[in-house]
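Here's the structure we're looking at; comments come further down.
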Amino acid sequence: MTTTIDREAGRDTRPPLLALVGPTAVGKTDLSLRIARAFNCEIISGDSMQVYRGMDIGTAKLAPELRRGIPHHLLDILDPAEPFSVADFKARCEEAIRDIYARGKLPFIVGGTGLYVESVCYGYAFSEEGGNLALREKLKRWAEEHGAEALHERLSGVDPETAARLHPNDVRRVVRALEVYETAGVPFSQLQSQRRGDEKTSPYKLCLIGLTMDRAELYRRINLRVDQMLEQGLVDEVSRLLEAGVRRDAVAMQGLGYKEIAAYLAGETDLDTAVELLKRDTRRFAKRQLSWFRRMKDLTWVHADAREKDGNLFEEICAIIAGKFRCDLEYTCQ
């Protein structure tokens, strides 16, 4: 796969990469299947939790029989007890992209984990060491035991630039910076530098499309999705994972839906409270997703609910992709 630009010919010869991102419950999955069929794509999951086997309901994983014969990558590749970091995702995703492209298909990342998607799109450099996404609670407990100053000193040892701009009493942000360091394998300050403006370049010819919608409608969909997950057996799914020996502090069990239901199953709360917490936390997560994606410079936004009403959502997105990759809409991209 060539990743250079043919400047003499004035032509961008980097391999194409398509991505569809947006908050949870915005409608990415159904739309992605139509896009994949139209543009000869294979889909790569850009979701940090769908990599785990046996975690289907809580991650809204599309069942194999509903994938319409379209190959999907990075689904069900790990046991729930195994850790998984952004560095792991980037390595596996790049391998999938090379494989898809070598077979004449268009690689298509679909998901809502912003750091994961962006790390691939802009070729972030990570160390070999992956981190543990469950560190946040452990770091909070460590701060309670040893004090905020000690936690800040810990950050100073690995990321002095970030530590210099954070007050020791700002425990939440200090914890977050340490979590990013342990997870991504690079200091938070370096990651921020990579994400700023024109400093970001890509080894791919990107077409990045973001779905958004009216906040009230998105929150309605989130609440409905949680209710549907419960009807589909979310409680039983979490119970099976725990019975199989997956620890509550495992990376997989920190995902939305799993930690709340695990607390209910442990008798720490009642089911109604757990469900309300899950809905609230998912709404907050969607807000953070939108904030992350709005900082991506190459993203083209499409207002999903407005286009759904007039029936032009799919056609508008096809036109964006065709324009970016110079495809004839009557044919699939090759």
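Counting other Cβ atoms within 10 Å as a rough exposure proxy, the listed residues R225, R294, R154 run R294, R225, R154 from fewest neighbours to most. Think of each Lys and Arg Cβ as +1 and each Asp and Glu Cβ as -1; about the Cα centre, that makes the dipole of the chain roughly 860 debye. Mean sequence separation of contacting Cα pairs (under 8 Å, at least six apart), scaled by the length of the chain, corresponds to a relative contact order of 26 percent. For the options A244, A286, A19, a Gaussian network treatment of the chain with springs between C-alpha atoms closer than 10 Å singles out A244 as fluctuating the most. Based on the Stokes-Einstein relation at 37 °C and a viscosity of 0.692 mPa s, and on the Kirkwood radius from alpha carbon pairs, the chain is assigned a translational diffusion coefficient of 155 µm²/s. Cross-link partners of K138 among lysines, defined as those whose alpha carbon lies under 18 angstrom from its own and excluding same-chain residues fewer than eight positions apart: K259.
For K205, the lysines whose Cα comes closer than 24 Å to its Cα, not counting residues fewer than 8 places off in the same chain, are K28, K90, K105, K297, K324. Residues considered: A96, A87, A164. Largest GNM mean-square fluctuation over the chain, using C-alpha springs under 10 Å, is found at A164. With the simple model of a label 7 Å out from the Cα in the direction of the Cβ, R240 to R67 spans 1.8 nm. Computed on the Cα trace of the stretch 135-191, the radius of gyration divided by the Kirkwood hydrodynamic radius gives Rg/Rh = 0.92.
Here the Karplus relation 6.51 cos²θ - 1.76 cosθ + 1.60, evaluated at θ = phi - 60°, turns the backbone of the stretch 71-76 into coupling constants of x, 10, 10, 6, 10, 6 Hz, with x for every Gly and Pro.
Ordered by the count of other Cβ atoms within 10 Å of each Cβ, fewest first, K138, K28, K279 give K138, K279, K28. With helices as the sole contributors, the chain gives -15500 deg cm²/dmol at 222 nm; each DSSP H run of n ≥ 4 counts as -39500 (n - 2.57), and the sum is divided by every residue. Spatial offset of the stretch 277-299 relative to the stretch 48-82 amounts to 21 Å, using the alpha carbon center of each.
DSSP finds beta bridges in the chain, and of those with both partners inside it, around 5 percent are antiparallel.
No lab work stands behind these numbers, since they all come straight from the coordinates. This structure is a prediction, so every number in the text was calculated from the model and none was measured. Counting neighbours? That spans all protein chains shown, and the Cβs are built from the backbone with ideal geometry, glycine included.
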